[in-house]
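Below: the structure, in structure tokens.
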Amino acid sequence: MKHQFRCSFRYKLMTFVFLICTTLLIVVYFLSVYLLEPSYNRQIRHDLADTLNRLITTIDHADYPITTPNWLGVPYMSREFATELNRQVHNGELDTSGRCIEISTLNGTKIVHFEALASTCLLHEGKLISSDQNGTFSIDAELVQQMRLRTIQEKQVTQSFENPKTGAKQITMGRLSSDGNYVVLISADLARIPQAAAVLSKQMAWVALGLLAVSLGGAWIFSTLFTRELTKVSNATKEMAHGNYNVRVYVDGEDEIADLANNFNFMVSEVARSTQLQQDLIANISHDLRTPLTLIKGYAETIRDLTGEDPEKRNNQLTVIVNETDRLSGLVNSVMELSKIGSGTEKPQKVNFDLAQLCEEVAVRYENICQTNNYTLVVETDELCMTYADPAMLERVLHNLLGNALHHIGEDGWLKIAAIPMPDGSCRVEISDHGCGIAKEDLPYIFDKYYRSRKDAGKIGTGLGLSITKAILQSHSFHFGVESTVSEGSTFWFQTLPV
């Protein structure tokens, strides 16, 4: 039982779900813990670079003065530049949230200083007042001076800072304007990603356990619902294997399992019908074999015991024996021919020929029997019908269909064979009669092995002619069929492939 569970579909489904969930958890854990800090820092750098480029572009393309000296001669931000910055911030073109922005001259005079950090900017944390030889005053810190100097020297720098007391981290980018007159510094806080990653790492274990429990429970419930329908099909298959062809499987829905159940039901009905036909075939062949064998044996014993000295009776009885022997031979030959064609042992030897001419040649052979019985055989083979097929096999098809038409000819004695060229280069052959016709319920099975409609029950014949016709036409991939109306007649037809 344990081994059976391990091999079951439910076990495989649950194992698959478990492996998928485990893989996803590993991927999420790796992305959340190990790649969180690099991804976050990369995004912060990208955002700062966008803001920095926007400021540099504004300075480089300004058609107005950036600074204006005050009454002491110290430069400060001009009204035009301030208006442009406010416009960009208001329109969302310049992102200043969570930023510390400073624009200064080369000598360290601040023109713009905007600080919107959650904490104190590390660049401006230790403030002092300095003055140069010209008497220009500025409020600076040592880190700011270092970053300005590096930016002036390297034109573009990126630096991270950390407060050793609080552990706060910040990143600063600096860039020199294209004209070399202004230094732009922009800073942003770096979240404490390692601490956040540690928290996520601890929580991930509980999340993993919960997710695995939910996924396995869901897989168990889903597999139960899923395999329940498959179990129905499996049990029905066992019933069918024991000979119960009345079993059916009914599944609601329109999914693949419902299609499987419908296909199973169709298969059972077809197998039941095939089994019934096989039983009928055996019964009919047994009957057809038993009758001539009984006649042969009876007449042979009669000749031996009673009429051996009477030439007339002996000849009549010997004729019966010969006829019944021919009948047996024809039945055996038909079975052998159907077996060879149906199994593919005898393959078509295809050549190009005129099918209309072949129809005319076959029809000529029936003129004598038609004249003898006052039948009317209409032949319509005036137009050329080139076909790529096996002439010998199609000749057998024509004989089978014409013989079948003669066997079911109507009271007016009329039948017809026609070869009709089609616009696509194929050829359609029709053989019609005005006989009793075929019932609608018999039409789907008329070409099956040894199938006989109720009206044909008890008639002489092997019952394999139309089956041989079907096998030959299928070996050529030709379309074929029958159109019939009860009491009006039937038309058997087949259509070749375009040449």
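At a glance:
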{"read-out": "When residues of the range 349-377 are limited to those that are touching a residue at least 40 places away in the same chain (Cβ under 8 Å) and in a strand (DSSP E or B), the one most open to solvent (accessible area, probe 1.4 Å)", "value": "Asn352"}
{"read-out": "Identity of the residue in the range 424-441, of a type in the set (D, E, K, R) and open to solvent by 20 Å² or more (accessible area, probe 1.4 Å), that ends up farthest from Thr469 (Cα to Cα)", "value": "Asp424"}
{"read-out": "Pro65, sole failed condition from (1) touching a residue at least 24 places away in the same chain (Cβ under 8 Å); (2) open to solvent by 30 Å² or more (accessible area, probe 1.4 Å)", "value": "(1)"}
{"read-out": "Qualifying residue in the range 68-76 (condition: open to solvent by 50 Å² or more (accessible area, probe 1.4 Å), at pLDDT below 80 and part of a helix (DSSP H, G or I))", "value": "no"}
{"read-out": "Subset tally (residues that are open to solvent by less than 50 Å² (accessible area, probe 1.4 Å) and either touching an Asp or Glu at 6+ places or on another chain (Cβ under 7 Å) or at pLDDT 80 or above (or both)) for the range 191-209", "value": "2"}
{"read-out": "Residue satisfying all of: in the range 405-423; open to solvent by 10 Å² or more (accessible area, probe 1.4 Å) and in a helix (DSSP H, G or I); nearest to Ala356 (Cα to Cα) among these", "value": "Leu406"}
{"read-out": "Thr172 being surrounded by 15 or more Cβ atoms within 10 Å (Cβ to Cβ), on the phi < 0 side of the Ramachandran plot, assigned to a helix (DSSP H, G or I) and at pLDDT 85 or above", "value": "no"}
{"read-out": "Matching entry among Gln43, Gln88 (being out of contact with any His (no Cβ under 7 Å at 6 or more places or on another chain), without any contact (Cβ under 8 Å) to a residue 60 or more places away in the chain and exposed (fewer than 13 other Cβ atoms within 10 Å of the Cβ))", "value": "Gln43"}
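For (1) free of Cβ contacts under 8 Å to residues at least 40 places away in the same chain; (2) in a loop (DSSP other than H, G, I, E, B); (3) closer than 22 Å to Tyr375 by Cβ, each residue gets a yes or a no:
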| site | (1), (2), (3) |
| --- | --- |
| Met393 | no, no, no |
| His399 | yes, no, yes |
| Gly403 | no, no, yes |
| Gly425 | no, yes, no |
| Arg428 | no, no, no |
| Ile431 | no, no, yes |
| Gly437 | no, yes, yes |
| Glu441 | yes, yes, no |
| Asp448 | no, yes, no |
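To keep it simple, each residue is scored yes or no on (1) modelled with pLDDT of 65 or more; (2) surrounded by 12 or more Cβ atoms within 10 Å (Cβ to Cβ).
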| residue | (1), (2) |
| --- | --- |
| Cys100 | yes, yes |
| Ile129 | no, no |
| Ile139 | no, yes |
| Arg148 | yes, yes |
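The values are calculated or read from the model by the stated rules, or taken from the named source; none is laboratory data. What you are looking at is a predicted structure, and each value in this text was computed from that prediction instead of being measured. Cβ coordinates were reconstructed from backbone atoms using ideal geometry, including for glycine residues, and neighbour counts include every protein chain displayed. Each accessible area value is taken on the protein alone, full model and side chains, heavy atoms only, with ligands, DNA and RNA left out. Shrake-Rupley method; radii C 1.70, N 1.55, O 1.52, S 1.80 Å.
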